[in-house]
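Heads up: the structure comes next, in structure tokens.
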Amino acid sequence: MQFDILIVGAGLAGSVCARELADAGHTVLVIDKRSHVGGNAYDRYDDHGVLIHPYGPHIFHTNAKRVLEWLSRFTTWRFYEHRVLASVDGRLFPIPINRTTLNKLYRLDLDESGAAAWLERVRQPRDHIRTSEDLVLSSVGSELCEKFFRGYTRKQWGLDLSDLSAGVAARIPTRTNDDDRYFTDTYQLMPAEGYSAMFRCMLDHPNITTHLETDYFTLRSTIQARHTIYTGPIDAFFNYRFGRLPYRSILFEHRHFPDVPAYQSVGTINYPNEEDYTRVTEFKHLTGQSHTGTSIVREYPQSNGEPYYPIPRPQHEEIFQQYNALADQLLNVTFVGRLAQYRYYNMDQIVAAALKKSEYILTHLK
Ligand code: FAD
Ligand code: UDP
């Protein structure tokens, strides 16, 4: 087989690169070991006709107009702002913590400046914010940390807040107003026909060939390409020569409830201290689908299994940098994506990274 470009992984990183390079006139072979395109953002209708996200809830949000415009070539959008409640001491509260959370939890009647003053009193400021524990304690103090963050983090990562880089908990802001949206990005949208339809459209190009159920490592030596784009785990590419990079996995428990029009009041409910799962998502909120029944997913984090999350810690970053130094020496291979760059990237950051890498390849490919 002879192609200009081989792309390993038909997830967002691989598909964006494929389309950019195909549009520029290159022939592209995309392979994926899974039986579908879309990577973890893949969606499908379950046996009951409800559109679900098999690999957990995916909500698109971005401030990057360029990313939105690029994706808009392949989908129209449905406006959707995600809202999340946390079940704490048997009651539901808005998360991110906001004025409503404080008033409901402590039976107060704070206005915005009162909420700010209240947080100022309980927060435990730190000179240096190094870990997620530093970040949470310096934002909301120890009681809210125990109620909303420590247990969830322990379940999600199998680690204490103090063992994770600050960036993990920094994803969740603290608010003194009543804004109960999970994200505050300028653009918060869902692909109108779903993610898989968007991916199919992206890969529908005469220069793109897609082979599914094809593992790179079983045919590495048989494919000829001038350039390879690799979006799988970087440690696997180098045969784990510096040891395994830890990734966090999740067991997704999908359930359908016939004749239950609504299972919960918002898209996701988090369970920081109760239950073995971290959160429950009801897909109809995200997709806007009408159906007489409903489908949900419960997430049980695991240490073994399909790699889903890089685990942000300084010692893991050190191992990653060893692999990254090797990657930098390979001029005919580009590493991009959440697993190849070992970065806790959202979808929009993946699109931005893939566009940047594609641009670089197009300038340098002889
Ligand atoms: P992936 O989607 O992992 O794609 C990599 C592909 O490479 C996979 O399909 C894999 O099968 C393939 N592959 C790997 N190794 C090989 C090999 N050896 N041979 C062939 N193929 C191979 N982002 C958001 O913006 N909003 C959200 O709400 C959101 N929710 C998320 C929820 C969960 C539970 C998870 C896990 C992630 C979430 N994300 C979310 C992040 C989002 O999934 C990623 O940013 C994005 O999908 C990463 O794309 P990618 O192409 O880098 O990786
Ligand atoms: N987090 C938490 N409690 C919550 C929500 C989040 O402690 O109710 C922490 C936890 O460490 C989590 C991180 O913040 O892993 C990032 O949360 P996010 O919802 O962004 O995770 P993702 O959707 O990427 O799994």
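The values are calculated or read from the model by the stated rules, or taken from the named source; none is laboratory data. No experiment lies behind these values; they were computed from the predicted model shown. Backbone-built Cβ (ideal geometry, glycine too); neighbour counts: all protein chains shown.
Miscellaneous remarks
- Residue among Asp180, Asp185 that alone is under 29 Å from Pro54 (Cβ atoms), modelled with pLDDT of 95 or more, charged (D, E, K, R) and under 17 Å from the mean Cα position of the chain (by Cα): Asp185
- So Ala340, is it surrounded by 15 or more Cβ atoms within 10 Å (Cβ to Cβ), modelled with pLDDT of 95 or more, under 21 Å from the mean Cα position of the chain (by Cα) and assigned to a helix (DSSP H, G or I): no
- Checking each residue in the range 66-90 for being of a type in the set (Lys, Arg) and more than 16 Å from ligand 1 (Cβ to nearest atom) picks out only Arg73.
- Each residue in the range 31-54 was checked for being in contact with a strand residue (DSSP E or B) (Cβ under 8 Å, 6 or more places away or on another chain) and surrounded by fewer than 18 Cβ atoms within 10 Å (Cβ to Cβ), and 7 of them qualify.
- Every residue from the range 72-117 that is more than 15 Å from ligand 2 (Cβ to nearest atom), among the aliphatic types (A, V, I, L, M) and assigned to a loop (DSSP other than H, G, I, E, B): Leu108, Leu110
- Once the range 130-164 is narrowed to residues that are free of Cβ contacts under 8 Å to residues at least 40 places away in the same chain and hydrophobic (A, V, I, L, M, F, W, C), the residue that is nearest to Thr101 (Cα to Cα) is Cys145.
Yes/no matrix, rows are residues, columns are (1) away from ligand 2 (no atom under 13 Å from the Cβ); (2) aliphatic (A, V, I, L, M); (3) in contact (Cβ under 8 Å) with a residue 40 or more places away in the chain; (4) assigned to a loop (DSSP other than H, G, I, E, B):
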residue: Leu251; (1), (2), (3), (4): yes, yes, yes, no
residue: His254; (1), (2), (3), (4): yes, no, yes, no
residue: Asp259; (1), (2), (3), (4): yes, no, no, yes
residue: Ser265; (1), (2), (3), (4): yes, no, yes, yes
residue: Thr281; (1), (2), (3), (4): no, no, yes, no
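- All positions within the range 144-172 that are more than 8 Å from ligand 2 (Cβ to nearest atom), assigned to a loop (DSSP other than H, G, I, E, B) and either under 17 Å from the mean Cα position of the chain (by Cα) or modelled with pLDDT under 95 (or both): Ala170
- Candidate set: the range 222-276, residues that are β-branched (Val, Ile, Thr) and under 30 Å from Gln289 (Cβ atoms); chosen: the one surrounded by the fewest Cβ atoms within 10 Å (Cβ to Cβ): Val260
- The residue that is farthest from Thr281 (Cα to Cα), among those in the range 34-65 that are within 13 Å of ligand 1 (Cβ to nearest atom) and not in a loop (DSSP other than H, G, I, E, B), is Thr62.
- Output for the range 51-87, where each listed residue is closer than 24 Å to Asn270 by Cα and of a type in the set (Asp, Glu): Glu81
- If only residues of the range 142-169 that are hydrophobic (A, V, I, L, M, F, W, C) and within 16 Å of ligand 1 (Cβ to nearest atom) are counted, the one that is farthest from Pro307 (Cα to Cα) is Val168.
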